[in-house]
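Asker: Here it is: the structure, laid out below.
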Amino acid sequence: MIPVAFVGDGMMSWEAWTAIGQLIGAVGVIASLIFVGIQVRQSVRAAKASAFQELVSSIISVNMAHIENPEILEVIDRAGKNVALAPQEHRLYVALVLSAARLAQSAHYQCQLGLLDKSKLESVVYNLIRHLKTETGKAVWSELQQRSDAEFREYVSSLLERTDTYESLLEPRRSGSSPVITAPAEA
């Protein structure tokens with residue numbers, strides 16, 4: 001404790017020391033808030049990166065399963081060309097479309113939460129759109145869209161309107177040709 005003799009006669013008063021202490025405390029609080037803000041921003045970036053990585057891992061897993069099983073690729077190709085599928089193939093393709101839809105819904109939800117950018121969302125939903133261009137995909141979507149939230153339905157519908165047919169999606173594009181997904185027409 002400071003002796004009373006030092007607190008007067010041109011020396012700093014107790015009030016001055018209190019004010020200095022409060023100022024130092026306020027600076028400490030501000031510095032802490034800045035630090036917390038930086039940490040939150042880094043956490044959000046990490047969460048976004050993690051969410052996207054999980055999504056990409058899911059897509060890669062699905063694609064690898066297709067590559068490792070040529071029969072699945074054949075069913076996808078035949079469904080895309082609207083060739084009649086055997087009952088077992090039809091069930092398999094319906095399951096594939098439902099899986100793509102759930103993955104797309106998950107990506108859309110992550111976008112709503114701010115964990116996924118719109119551009120990344122479109123690249124994920126594109127796989128679903130490709131399947132929804134088939135006759136089986138259209139039938140699955142007519143049922144599934146009734147159980148989907150309105151924003152997801154509208155988003156998928158807008159992409160369906162902006163994309164080519166299934167077969168044209170599979171054809172390689174020459175440089176200078178029009179993109180597969182085009183900008184929506186001005187209303």
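Asker: Have a look at Gly137, Gly114 and point out the one that is not basic (Lys, Arg) and not in a helix (DSSP H, G or I).
Answerer: None of the others qualify; the one that does is Gly114.
Asker: Tell me whether region 59-73 contains one or more residues that are of a type in the set (D, E, K, R), surrounded by 11 or more Cβ atoms within 10 Å (Cβ to Cβ), in a helix (DSSP H, G or I) and out of contact with any strand residue (DSSP E or B) (no Cβ under 8 Å at 6 or more places or on another chain).
Answerer: The answer is no, given that none of the residues of region 59-73 is of a type in the set (D, E, K, R), surrounded by 11 or more Cβ atoms within 10 Å (Cβ to Cβ), in a helix (DSSP H, G or I) and out of contact with any strand residue (DSSP E or B) (no Cβ under 8 Å at 6 or more places or on another chain).
Asker: Restricting the search to region 79-103, which residues are of a type in the set (D, E, K, R), at pLDDT below 90 and over 29 Å from the mean Cα position of the chain (by Cα)?
Answerer: Scanning region 79-103 gives a single hit, Lys81.
Asker: When you check Ala49 against the structure, is it modelled with pLDDT of 85 or more, exposed (fewer than 13 other Cβ atoms within 10 Å of the Cβ) and not hydroxyl-bearing (Ser, Thr, Tyr), yes or no?
Answerer: The answer is no for Ala49.
The values are calculated or read from the model by the stated rules, or taken from the named source; none is laboratory data. Remember, it's a predicted structure, so these values are computed and weren't measured experimentally. Neighbour counts are summed over all protein chains in view; Cβ atoms, including those assigned to glycine, are modelled from backbone coordinates with ideal geometry.
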